[in-house]
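The values are calculated or read from the model by the stated rules, or taken from the named source; none is laboratory data. Keep in mind that what you see is a predicted model, and the values were worked out from it rather than measured. Here the Cβ positions follow ideal geometry from the backbone for every residue, glycine too, while neighbour counts run over all protein chains shown. SASA here: full protein model, heavy atoms, side chains in, ligands and nucleic acids out. Shrake-Rupley method; radii C 1.70, N 1.55, O 1.52, S 1.80 Å.
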Amino acid sequence: MNEYSLSKRLKAVADLVPKNSRLGDIGSDHGYLASYLLLKGQITAAVCGEVVPGPYQQTLEQIEKRKLTAQVTVRLADGLEAIEESDQLTCITICGMGGKLIRDILAAGKEKLTPAMTLILQANVGEHLLREWLVAENYVITQEVILEENNKTYEIIKAEKVPAQVLLTPAELLFGPILLQAKENQVFQAKWLREYHNKERILNQLLAAKDVEPAKVTYFQQELALIKEVLV
Ligand code: SAM
């Protein structure tokens, strides 16, 4: 992967970034996403935020190597602390981390987010935590993508701020409101069949335990029922 040829996962993220965005990429690591989008002319400016010095340095070097320093600011900062009002960002990407970490980054820095900012989030696990946070904070999910790369399944969520809360059902929170509409998708079916077997195994272990935990058992039974309903 490089700034001209992204991984399938990051390319799918890039494809969701609106044309002419001013991008904030949190957890930029290598800086390829912002570089790719700028070199393609899809965005006009970017802020890359990194909390770890190594990847921060890597992003800086990448931006200098591609002579993009006039359009990109790289900041060593925790989460949304990397962005400032004067950056006038219109799109935020937070990708390649766990859902809990992305949710915590959003929650910790939510005063930095403006209604003009489109959020594009790609969690490696725990996507439902993001959907729960988005609903609670009056975001509506406008697009979702599911894809497989190197035997891993990824979901990407794009969301916009709206004036009033748009509630999601338990199934929509778990599977994604848009992904659910295309549930025949092969990658979707394969992911949830795997999840079904994993959860079934855990439930059987819980039921076989000496001290059965009723709350946990109910949780897994409910999840299994939801998954069974959507698998075709
Ligand atoms: N976003 C890139 C992608 O999707 O390919 C890089 C993903 S990499 C696995 C996650 C990056 O997020 C790491 O470089 C890590 O240092 C950075 N990171 C983790 N927590 C962060 C935080 N609180 N603020 C900024 N960056 C963070």
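Descriptive notes on the structure:
- Solvent-accessible surface of protein heavy atoms, probed at 1.4 angstrom with all chains present, puts Asp29, Asp87 in the order Asp29, Asp87, largest first.
- Counting only protein heavy atoms and using a 1.4 Å probe, the accessible area of Ser5 comes to about 70 Å².
- Evaluated at q = 0.09, 0.17 Å⁻¹, the base-10 log of the normalised Debye intensity for segment 1-134, with identical point scatterers placed on the Cα atoms, takes the values -0.22, -0.83.
- Tensor-based shape of segment 166-232 (alpha-carbon gyration tensor, a/c under 1.5 rounded, otherwise prolate or oblate): oblate
- Over segment 8-166, relative contact order from alpha-carbon pairs under 8 Å, at least 6 apart, %: 21 percent
- Approximating the spin labels as points 7 Å out from Cα along Cα→Cβ, the Glu213-to-Asn20 distance works out to 5.2 nm.
- List Asp211, Asp15, ordered by accessible area with a 1.4 Å probe, largest first: Asp211, Asp15
- In this simple spin-label approximation, Glu64 and Thr44 carry label points 7 Å from Cα along the Cα→Cβ vector, and these lie 2.8 nm apart.
- For the chain, built as a Gaussian network whose Cα springs stay under 10 Å, the top-fluctuating residue of Leu113, Leu193, Leu33: Leu193
- Of all accessible heavy-atom area on segment 1-91, the percent that carbon and sulfur account for (1.4 Å): 46 percent
- Of Arg131, Arg194, Arg103, the residue with the largest accessible area leads and the full order is Arg194, Arg103, Arg131 (1.4 Å probe).
- A dipole drawn for segment 187-231 from +1 and -1 charges on Cβ atoms has a positive end, and of Pro214, Val230, His197 the residue lying farthest that way is His197.
- Pairs from Lys8/Lys110; Lys110/Lys161; Lys40/Lys161 whose Cα-Cα separation, in the structure shown, is over 23 Å: Lys8/Lys110; Lys40/Lys161
- Rounded to the nearest 20 debye, the dipole magnitude of the chain is 460 debye, with +1 charges on Lys and Arg beta carbons, -1 on Asp and Glu beta carbons, and the Cα centre as origin.
- Pairs beyond 31 Å (Cα-Cα), from Lys67/Lys191; Lys11/Lys191; Lys183/Lys210: Lys67/Lys191; Lys183/Lys210
- Net dipole in debye of segment 155-232 [+1 Lys, Arg Cβ; -1 Asp, Glu Cβ; about Cα centre; nearest 20]: 140 debye
- Accessible surface for the chain, divided over its residues, is 50 Å² per residue with a 1.4 Å probe.
- Calculated log₁₀ intensity ratio I(q)/I(0) where the Debye formula runs over C-alpha points of the chain, q = 0.10, 0.14, 0.16 Å⁻¹: -0.50, -0.90, -1.10
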